[in-house]
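The values are calculated or read from the model by the stated rules, or taken from the named source; none is laboratory data. No experiment lies behind these values; they were computed from the predicted model shown. A quick note on method: Cβ atoms are made from the backbone with ideal geometry, for glycine too, and the neighbour counts reach across all protein chains shown. Side chains are part of the model used for accessible areas, which takes the heavy atoms of the whole protein and leaves out ligands, DNA and RNA. Shrake-Rupley method; radii C 1.70, N 1.55, O 1.52, S 1.80 Å.
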Amino acid sequence: MIGELFTTGVSIKQQYPGDENKWIAVIRYEDESHANLHGVQGTLQNKYGDDLLNAIKTVLADSEKMGIKMMTLPNSNPSLYVKNLFVNNQETWEQINLAADALNFEVMNCLDK
């Protein structure tokens, strides 16, 4: 039997190199009752766009429509996973932090070292 779908946060990545700063927001989800079996898995993402906060809000709204629940540990916020940056500078990180603060998310740097 399929259980509830869940995710722990939103991944973000820049789509194009250069100064265009196009963003994609991605939600990866699984079936709670079969998580260790990987019975139901999926990915939900937006088309690339200029506005990071809007991209995140779009996938969050779509995930709600699909019944995907955000799961976190007690007293913690959902995660904003930074997966890929072409422009890795202070201005980019300010934009990321502003979006995370607006949504009450915790930024998780997942970039290769």
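Tabulated data
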{"read-out": "15 Å Cα cut-off, lysine pairs counted over the chain (separation 8 or more, or different chains)", "value": "10"}
{"read-out": "Alpha-carbon Rg with Dmax, taken over the chain, Å", "value": "14.4, 47"}
{"read-out": "Where the chain is the region considered: accessible area per residue in Å², 1.4 Å probe", "value": "63 Å²"}
{"read-out": "Percentage relative contact order, the chain, counting C-alpha pairs under 8 Å, at least six apart", "value": "29 percent"}
{"read-out": "Theoretical FRET efficiency, 1/(1+(r/R0)^6), r = Cβ-Cβ of GLU4 and ASP51, R0 25 Å, to 0.05", "value": "0.25"}
{"read-out": "Share, in percent, of DSSP beta bridges within the chain that are antiparallel, nearest 5", "value": "50 percent"}
{"read-out": "Percent carbon-and-sulfur accessible area, the chain, ignoring ligands, DNA and RNA, probe 1.4 Å", "value": "48 percent"}
{"read-out": "Peptides 42-49, 66-73 ordered by average Cβ neighbours within 10 Å, highest first", "value": "42-49, 66-73"}
